[in-house]
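**Student:** Have a look at the structure that comes next, please.
Every number in this text was worked out from the coordinates using simple rules, so none of it is lab data. Computed from a prediction, not measured in an experiment: that's the story for all the values here. In this analysis, Cβ positions are derived from the backbone assuming ideal geometry, glycine residues included, and neighbour counts consider all displayed protein chains.
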């Protein structure tokens with residue numbers, strides 16, 4: 001198994017029909033990031049504003065949600081969902097480093113201390 005797990009953020013450019021997640025996102029940036037990861041024959045996942053972490057082969061419908069359009073509270077909720085999903089993923093890929101290709105909006109708790117981030121996740125779960 002590869003020593004790295006890649007996570008590639010989704011992009012807004014999508015066709016108007018259902019497709020495998022790896023084929024749904026079509027920006028130049030995504031195509032290049034996908035090619036980079038696939039050349040390394042490493043496992044990878046897609047980071048989606050709607051679905052969280054998804055398998056590149058999962059069939060999904062196009063959608064119009066971006067992290068940039070979410071409120072601060074919704075981004076924090078998304079961050080809590082991501083923390084849970086990353087916990088599950090890290091159990092599967094124990095010996096792998098995680099390499100994230102994403103923009104600033106994918107860091108919903110940036111600037112918060114650990115206690116502040118945990119407090120937000122705990123309060124939203126109640």
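**Student:** Which condition from (1) touching a strand residue (DSSP E or B) at 6+ places or on another chain (Cβ under 8 Å); (2) part of a loop (DSSP other than H, G, I, E, B) is the one that residue 6 breaks?
**Tutor:** (2)
**Student:** Are any residues in segment 19-36 part of a loop (DSSP other than H, G, I, E, B) and in contact with a strand residue (DSSP E or B) (Cβ under 8 Å, 6 or more places away or on another chain), and if so, which ones?
**Tutor:** Matches in segment 19-36: 25 only.
**Student:** Would a scan of segment 57-77 turn up a residue that is within 10 Å of the chain's Cα centre (by Cα) and more than 17 Å from residue 13 (Cβ to Cβ)?
**Tutor:** No: zero hits.
**Student:** Further question: Quick one: residue 11 ticks every box in (1) in contact (Cβ under 8 Å) with a residue 24 or more places away in the chain; (2) more than 19 Å from residue 91 (Cβ to Cβ); (3) surrounded by 15 or more Cβ atoms within 10 Å (Cβ to Cβ) bar one, so which box is it?
**Tutor:** (1)
**Student:** Would you call residue 38 surrounded by fewer than 16 Cβ atoms within 10 Å (Cβ to Cβ) and over 16 Å from the mean Cα position of the chain (by Cα)? Step through it out loud before you land on a result.
**Tutor:** Details: surrounded by fewer than 16 Cβ atoms within 10 Å (Cβ to Cβ): yes; over 16 Å from the mean Cα position of the chain (by Cα): yes.
The answer is yes for residue 38.
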